[in-house]
1. If each residue of separation counts as 0.36 nm, what is the full-extension length gain between SER173 and LYS201 once their alpha-carbon separation is subtracted?
2. Among rounded, prolate and oblate, which fits the range 90-148 when a ≥ b ≥ c are the square roots of the eigenvalues of its C-alpha gyration tensor, a/c under 1.5 means rounded, and a/b larger than b/c means prolate?
3. Which entries in the list LYS37/LYS201; LYS45/LYS185; LYS109/LYS227; LYS109/LYS185; LYS109/LYS201; LYS119/LYS227 go over 27 Å, if you measure between the two C-alpha atoms of each?
4. Please give the per residue accessible area of the chain, computed with a probe of 1.4 Å over protein heavy atoms only, in Å².
5. Can you give the charge dipole size of the chain about its Cα centre, rounded to the nearest 20 debye, using +1 on the beta carbon of Lys and Arg and -1 on the beta carbon of Asp and Glu?
6. Roughly to the nearest percent, how much of the accessible area of the chain is carbon and sulfur, given a 1.4 Å probe?
7. Pop out the Kirkwood hydrodynamic radius of the range 2-59 from its pairwise C-alpha distances, inverse of mean 1/r, in Å to one decimal.
8. How do the peptides 51-63, 33-45 rank, highest first, by the average count of neighbouring beta carbon atoms within 10 Å per residue?
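The values are calculated or read from the model by the stated rules, or taken from the named source; none is laboratory data. What you are looking at is a predicted structure, and each value in this text was computed from that prediction instead of being measured. Virtual Cβ from ideal backbone geometry, glycine too; neighbours counted across all protein chains shown. Just so you know, the surface numbers come from the protein's heavy atoms only, side chains and all, with ligands and any DNA or RNA stripped out. Shrake-Rupley method; radii C 1.70, N 1.55, O 1.52, S 1.80 Å.
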Amino acid sequence: SVNYGLFTQNSGSYRIGDYLNRYRFGFTSHLGNTSAKVWANNGGKAGALTSNADQTAQNVIVYGENSFYATPKLALVTSLQYIWANRDVFDKVTPTETDSADYDSINPKIGLLYKPSEKVQLFTNISMSYEPPDFSDLTQSGTTGFITLDAQEAWTVEVGTRGEHGPVAWDISLYRAWLDNEILKFTTGGGIPATGFNADKTIHQGAEVGVGLQLGKNLVSDGDKLKWWNAYTYSNFFFVGDSQFRDNTIPGQPSHFYNAEMRYDHPDKWFASANILVAGE
């Protein structure tokens, strides 16, 4: 595989009367080419070449964001993003499976950002997102060219806060996303590759909570610190009135995921830490 890209960004600010206005806009691209080859497995050794294809992916994003400060502490944030993507495969073994597909979307966002103090933020926003399928989604054994698959789209509402106060730092958000054409995989049986498909309507909702506590400093020597980091994620993903899966939960993501680390940092640039990961329904 060879992957490369280009990006550029510009930002600045100016005043509209007594009001501050900040902006940024830019362009980014992610491009790549893969020589995808598969050999038969002969007792752990490569046998005959069964698949040989050139896969080319192109992703281009143009975006702009503006923050208008109605007061020194409250900003209206608006942004617009344009996405274009291309997937192209040239099959050297079976030319009839050569195929190409283009995807594009305009994605808006609007939100509010409130800073009651220099180190504390409250935010809320509603945004549209767009995710084109990749080659693992589009190519399926036994099909000619790409399978029929649409890009995944979603509208998401989010509210949260982040900041620091004394020994406590936090980053907390609640979200709910309404998805159309979510790209999912369904395994039909043992030895059969998972089949990609578009779900009709699905919902992702949950919470992301990060909290860090500085438990002490100058404990053993001047400049050392003891910190306790916590990250908890609650995820509730489900179908909405699907003809086959009804309102069932979408598998793959645990409902509860918790990660914690206790870390001691010494001023002589060494540290010791212990961490734990817990996942469950």
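1. Contour length minus the Cα-Cα distance gives 7.8 nm.
2. Values: a/c = 5.38, a/b = 4.01, b/c = 1.34.
Taking the square roots of the gyration eigenvalues as a ≥ b ≥ c, the range 90-148 is prolate.
3. On the way: LYS37/LYS201 35 Å; LYS45/LYS185 29 Å; LYS109/LYS227 36 Å; LYS109/LYS185 29 Å; LYS109/LYS201 21 Å; LYS119/LYS227 19 Å.
From the list (LYS37/LYS201; LYS45/LYS185; LYS109/LYS227; LYS109/LYS185; LYS109/LYS201; LYS119/LYS227), the Cα-Cα distance tops 27 Å for LYS37/LYS201; LYS45/LYS185; LYS109/LYS227; LYS109/LYS185.
4. Computed with neighbouring chains in place, this is 61 Å² per residue.
5. Dipole size: approximately 820 debye.
6. Numbers: 9670 of 17180 Å².
Taking all protein chains in place, the chain shows 56 percent carbon and sulfur surface.
7. Values: mean 1/r = 0.0630 Å⁻¹.
It works out to 15.9 Å.
8. 51-63, 33-45
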